[in-house]
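Beneath this line is the structure, given in structure tokens, with notes to follow.
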Amino acid sequence: MSLEHEDLSNFSMLDLFRMETREQMRQLTEGLLRLEQGSADAALLESMMRAAHSVKGAAAIVGLDAALRLAHGMEDVLVAAQDGRVQLDADGVDVLLGGVDLLQQLAEAPDGDAGIASDGRLDAQLAALAGLLPGAGARRKPRAPAPSVPPPAVPAPTPPSPAPAPSVPPAAAPAAPAPPAPVLAAGSDELLTLAGQARLHAGQMRPWIGGLHRYKRQQRGVFDALAVLQDAIRATGDARLAELAQIVVDRALPLRDLLHKNIVDAETYERQAVTVSTRLADEVLALRMGRFGDGVHALPRMVRDLARGLGKDVRVEIAGADTLVDRAVLARMDAPLNQLLRNAVDHGMEPPAERVAAGKPAHGTIRLTARHRGGMLVMEVADDGRGVDPERIRAAAVRRQVAPAAFAPALSQAELMEFLFLPGFSLKESANELSGRGVGLDVVHDTVRALNGAVRAESAPGAGFSTVITLPLTQSIVRALVVDVAGEAYALPIARVERVQRVPAAEVLALYGRQYVKVGDEQLGIVAAGRVLDLGATVAGAELAVVVIGTGRERYGLVVDAVRSEQSLTVQPLEPTFGKLRDVAAAALLDDGTPVLILDVPDLLLSIARLLGTGAALHVAQGEATGAGSAATRRVLVVDDSLTVREMQRKLLAARGYRVDVALDGLDGWNQLRTHDYDLVISDIDMPRLDGIGLVERIRRDPRLHRLPVMIVSYKDRPEDRARGLEAGADYYLAKGAFHDATLLDAVRDLIGAARPEDKP
């Protein structure tokens, strides 16, 4: 990261040294890799020497003698290279990269440089550096040997070196993250939520302004009627009535001007509020974004070390380094990108002799690309190695019994490539320390799916292999398809939706108890979204609204009540207390302020498969009623200042047939209780303006409401908290920490019975 525009006033001198060392060692690593690839020039050597010199000066300021000596030794070698006294080959680059790693460890060590300086690693590294200088081996005294270094955290082979360079974890230093990034991401989540709410509130002025325009039209009708009345009075010749009519008109005219002015002011304020809130949301999103190159700068070094250990020569080219990527997305993709590069080096790249014999350059190239396309982030890892023979995949699929022998010959190349992402699938007959255990591409696949993305592999035997990953630009804003299911709005990430279509109900066919429709030459199984989400039956009209999700055999048409629109939603994570909710990924607010749950499509596909496997009927009902009228339905008021808790309780109760209203806090709940009739109140305790205890006390003091059942659902689970709630008059106290769907529903049924009096609990 660049330190030029950072506020550094709150950092200690040691923190500043660590930050500068990361930046300078990154530059030094990139320079050494370029030097090894034959890009040596005076400017490159000068920039590397200055990087070592800067760290040496900074180490002197903070009093880290070991770091100072090591940086000085590296500077000596680079100065000698500038003067032409040293020719840095691959072995010399190994030694300098070992110095980079050790220098980064010295900077990051919690006890300063004392531990590393005393265990012999520093002396060994200084001796290796001195060995690169002609006649300079006796300039430094070696210290006593120390215990060996612990095994590296990143499992990559140590590059060979003729000099006694220490075995240092490759890429450990370059991969060290800068500390401000997690803090920034954590703070920006809350900022983005607030910015989204500000934009929502600004947009809610539009209906109010529309109401003012209606009043203006009604006012115009009143003035027209006054004009007609005034003309009629003049026709009578009654001067007194004419005078009174004129007084009324004179008094009414300023009201017309005032209303016009208020409408103009309101529209101006609404435009400004929308503009500011939109800019705020955009700026917060920009804070979360970082350069793609900053997140993957350590990968070329990792590939270089790994290839050296395997006797190969592999280089990494990064295209689109300036492409902006959500830092959280890039952090989640670090391990998958590492795995793809390791696979390319181990599986794909040939040894230099084999490459030359095939008419290729002796060194292999892996190209890592990032670009924006269609509002999505596209990353590609492509190599020019031997590629993958589709017939080997076909044979392995049959051998590992993941494809029937009779079915395998009909598989296309694209279908064969999908097998590479299966858990435990490998083309190697035996495993080594890097691969062959079938653990790799399935991790890539699972991570990409968790980020609402897609991944595909392509291969040209003898020419290379590529993996293309498509992800949303950010996990904070999701482009979603909003649909209605059982009268409620739900959102499906657009990246997970293949297509949307309308199908005549008469074209629905059935086979072995499952419904399907014919789309072209294929049969598409359809399931009712209401039944999958346990919200009741979906009734078919003349046409079905079908949302196609999934791929391959796990591909279904989800029948919804209606398709509303496509919207960009600000994601609001669910309360951690609830854990992972089935079929639900997150929550959000629609443009009109309506809360909506964002469905977890992979989880939804698992639910469909599980329900079909147990023989559950997920078919679309043909013209059956979904329930009785709402007149006899019991009504519940949910009072909670947490959007997630409020919405989850509402949807849970509504799914069981209860009529549910919500309130934002105790005072809002009290106002609703005074104007509506309810059968039950479910309230939190800690809320602004009026807490849950105060609300219960008001209910018990009110002559009309004092018999109303009240349930408290709170995070507070101490005996004194329960006693306080029950003493205030609550009929039931439920702790959120032990919250389960069945627990809440059982408690509601105990207090007021089923949703409709005629239903059995």
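The values are calculated or read from the model by the stated rules, or taken from the named source; none is laboratory data. Only a predicted model underlies this, so the values are computations on that prediction, with no experimental measurement involved. A quick note on method: Cβ atoms are made from the backbone with ideal geometry, for glycine too, and the neighbour counts reach across all protein chains shown. Remember, those area values only see protein heavy atoms, side chains included, never the ligands or the DNA or RNA. Shrake-Rupley method; radii C 1.70, N 1.55, O 1.52, S 1.80 Å.
Can R26 be described as modelled with pLDDT of 80 or more, in contact with a Pro (Cβ under 8 Å, 6 or more places away or on another chain) and open to solvent by less than 70 Å² (accessible area, probe 1.4 Å)? Here the answer is yes, as R26 does meet what is asked. Before we move on, is D224 within 46 Å of the chain's Cα centre (by Cα), free of Cβ contacts under 8 Å to residues at least 40 places away in the same chain and either under 30 Å from P352 (Cα atoms) or assigned to a helix (DSSP H, G or I) (or both)? Spelling it out, it is not the case that D224 is within 46 Å of the chain's Cα centre (by Cα), free of Cβ contacts under 8 Å to residues at least 40 places away in the same chain and either under 30 Å from P352 (Cα atoms) or assigned to a helix (DSSP H, G or I) (or both). Look at V563 and say whether it is under 15 Å from V485 (Cβ atoms), open to solvent by 30 Å² or more (accessible area, probe 1.4 Å) and modelled with pLDDT of 85 or more. In short, yes. Among the residues of region 510-558, those that are open to solvent by 70 Å² or more (accessible area, probe 1.4 Å), out of contact with any helix residue (DSSP H, G or I) (no Cβ under 8 Å at 6 or more places or on another chain), in a strand (DSSP E or B) and modelled with pLDDT of 70 or more comprise Q523, T551.
D583 meets all of the listed conditions (1) at positive phi; (2) of a type outside the set (S, T, Y); (3) at pLDDT below 85 but one, namely (3). Evaluate the following for E317: is it surrounded by fewer than 22 Cβ atoms within 10 Å (Cβ to Cβ), of a type outside the set (A, V, I, L, M) and part of a strand (DSSP E or B)? Taking the combined requirement at face value, the residue satisfies it. The residue of region 722-743 that is modelled with the lowest pLDDT, among those that are aromatic (F, W, Y) and either open to solvent by 60 Å² or more (accessible area, probe 1.4 Å) or farther than 24 Å from R701 by Cβ (or both), is F739. Looking only at residues of region 615-665 that are at pLDDT 80 or above, under 34 Å from the mean Cα position of the chain (by Cα) and in a loop (DSSP other than H, G, I, E, B), we find that the one that is nearest to T577 (Cα to Cα) is S642.
Just one of the listed residues (L122, L103, L68) is closer than 30 Å to K312 by Cβ and in contact with a helix residue (DSSP H, G or I) (Cβ under 6 Å, 6 or more places away or on another chain), namely L103. Just one residue in the set V329, V325, V388 is modelled with pLDDT under 90, open to solvent by less than 40 Å² (accessible area, probe 1.4 Å), over 23 Å from the mean Cα position of the chain (by Cα) and aliphatic (A, V, I, L, M); that residue is V388.
Taking region 687-721 as the range and being assigned to a helix (DSSP H, G or I), open to solvent by 80 Å² or more (accessible area, probe 1.4 Å) and at pLDDT below 85 as the test, the residues that pass are P719, E720. Among the residues of region 280-295, is there at least one that is buried (at least 16 other Cβ atoms within 10 Å of the Cβ), touching a residue at least 40 places away in the same chain (Cβ under 8 Å) and more than 27 Å from the chain's Cα centre (by Cα)? No; the residues of region 280-295 include none that is buried (at least 16 other Cβ atoms within 10 Å of the Cβ), touching a residue at least 40 places away in the same chain (Cβ under 8 Å) and more than 27 Å from the chain's Cα centre (by Cα). Going by what's in this entry, would D746 be described as over 31 Å from the mean Cα position of the chain (by Cα) and open to solvent by 60 Å² or more (accessible area, probe 1.4 Å)? Yes; evaluated as a whole, the condition is true for this residue.
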